[in-house]
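The values are calculated or read from the model by the stated rules, or taken from the named source; none is laboratory data. In this text, all values refer to a predicted model and were calculated from it rather than measured experimentally. In this analysis, Cβ positions are derived from the backbone assuming ideal geometry, glycine residues included, and neighbour counts consider all displayed protein chains.
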Amino acid sequence: MRRLFALVLTVAMMCAACTAGSDEPKTTSSRAVSFESLNLEWPKAQGTLDPADLPSAPEGFDASTLERMAKLLTKWAALTVVDEAGWHSADPLSEVRKVLPKDAAATLQKQVKGEVSPHLAVANVFRDDVTVIGSPMITSAWRVTTEKDAADKTFMRLELQTRAAYEVRLGSGGTRVIGVLRVQGLSAYPDTTDNFGVSGGWQEFGAGDCDLALDDAFVPDSDRDESLKDLKTFIRVGDSDTLEMPDLGVQERVDAEYLKRCRDGQV
């Protein structure tokens, strides 16, 4: 079962989070789960992030502002999904703060403290006994929208979604795949320079829910069939050119109550 971890942050304006759902299992001929068994043929990241083409700036907004936002989002997203140093980092937020404007970084730090899994709210982090094999496969999509704030003033929001698939191994076990949809956004008024609104949300596919809630890190789901069921939805989204976070029921969310049930062995 997938769980949604959504983060909504505000710097000068409010930005919305994202949500997720479920699908039928994808069968394979082997007990191992790999890129090959999933017929996954996405580009390999090789330590870099090369996002899709940037859409045009909305009317009334400067293209240079949109481009600056895109560069910041690309740096931020790269740290969260392709940076090998971050995959087993004890403090992923410290690196992310370096690429964001000062006010946005400060708000991010404040908001992450309230998350059940603060490391995973920032980056794709794996438990120490989980090995990432080779380079992840990644696709991406942009979305640019305009919205009005409470004072009826229009702002632009630019979002970048990464769809990162990792071949992993737990200890000396077999190969498994964990997928992560992660959306990161920045928002600006027509006269904004650095005081961007910031938002983000993420969903995991193929990871163990109680493991990630308890350890604040990704571990392959022990239920292979459930993992394959999740990964089918992940791949469908990753194959699309549009940004989507699948619908997710309240019962599938991880919060403080769910964390307590994991600790009490009631899940």
> Which condition does ALA151 not pass, out of (1) touching a residue at least 24 places away in the same chain (Cβ under 8 Å); (2) among the aliphatic types (A, V, I, L, M); (3) out of contact with any Cys (no Cβ under 7 Å at 6 or more places or on another chain), if it passes all the others?
Replying inline: (1)
>> Return the pair list, or none, for Cβ contacts closer than 8 Å from residues in the stretch 80-97 that are free of Cβ contacts under 8 Å to residues at least 40 places away in the same chain to residues that are of a type in the set (Val, Ile, Thr) and assigned to a helix (DSSP H, G or I), at least 6 apart or on different chains.
In response: GLY86/THR80; PRO92/THR80; LEU93/VAL112; VAL96/THR80
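Name the residues in the stretch 214-231 that are part of a helix (DSSP H, G or I), under 24 Å from HIS88 (Cα atoms) and not hydroxyl-bearing (Ser, Thr, Tyr), would you?
So in the stretch 214-231, the residues part of a helix (DSSP H, G or I) come out as 214-215, 224-231.
Cutting the leftovers down to under 24 Å from HIS88 (Cα atoms) gives us 214-215, 224, 227, 230-231.
Across the stretch 214-231, the qualifying residues are LEU214, ASP215, ARG224, ASP230, LEU231.
Going by what's in this entry, would GLU36 be described as modelled with pLDDT of 95 or more and not in a loop (DSSP other than H, G, I, E, B)? Give the derivation first.
Working: modelled with pLDDT of 95 or more: yes; not in a loop (DSSP other than H, G, I, E, B): no.
In short, no.
Kindly evaluate GLU67 against the criterion of being over 25 Å from LEU228 (Cβ atoms), part of a loop (DSSP other than H, G, I, E, B) and at pLDDT 50 or above.
On the way: over 25 Å from LEU228 (Cβ atoms): yes; part of a loop (DSSP other than H, G, I, E, B): no; at pLDDT 50 or above: yes.
Answer is no for this residue.
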> Of all residues in the stretch 189-211 being in contact with a Leu (Cβ under 7 Å, 6 or more places away or on another chain) and aromatic (Phe, Trp, Tyr), which is modelled with the highest pLDDT?
Replying inline: PHE205
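Name the residues in the stretch 122-146 that are touching a Phe, Trp or Tyr at 6+ places or on another chain (Cβ under 6 Å) and either at pLDDT below 95 or among the acidic types (Asp, Glu) (or both), would you? Spell out the reasoning first.
Taking the stretch 122-146 and keeping what is touching a Phe, Trp or Tyr at 6+ places or on another chain (Cβ under 6 Å), we get 126, 132, 136-137, 139.
Of everything in the stretch 122-146, nothing turns out to be touching a Phe, Trp or Tyr at 6+ places or on another chain (Cβ under 6 Å) and either at pLDDT below 95 or among the acidic types (Asp, Glu) (or both).
Which residue out of SER227, SER199 is more than 26 Å from LEU40 (Cα to Cα), surrounded by 21 or more Cβ atoms within 10 Å (Cβ to Cβ) and either in contact (Cβ under 8 Å) with a residue 24 or more places away in the chain or not basic (Lys, Arg) (or both)? Step through it out loud before you land on a result.
Values: SER227 fails: more than 26 Å from LEU40 (Cα to Cα).
Being more than 26 Å from LEU40 (Cα to Cα), surrounded by 21 or more Cβ atoms within 10 Å (Cβ to Cβ) and either in contact (Cβ under 8 Å) with a residue 24 or more places away in the chain or not basic (Lys, Arg) (or both) holds for just one of SER227, SER199, which is SER199.
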> Quick one: ALA213 ticks every box in (1) closer than 30 Å to LEU54 by Cα; (2) crowded, with 22+ Cβ neighbours inside 10 Å; (3) of a type outside the set (Asp, Glu) bar one, so which box is it?
Replying inline: (1)
>> Tally up the residues in the stretch 158-196 that are crowded, with 19+ Cβ neighbours inside 10 Å and within 16 Å of LEU100 (Cβ to Cβ), please.
In response: 12
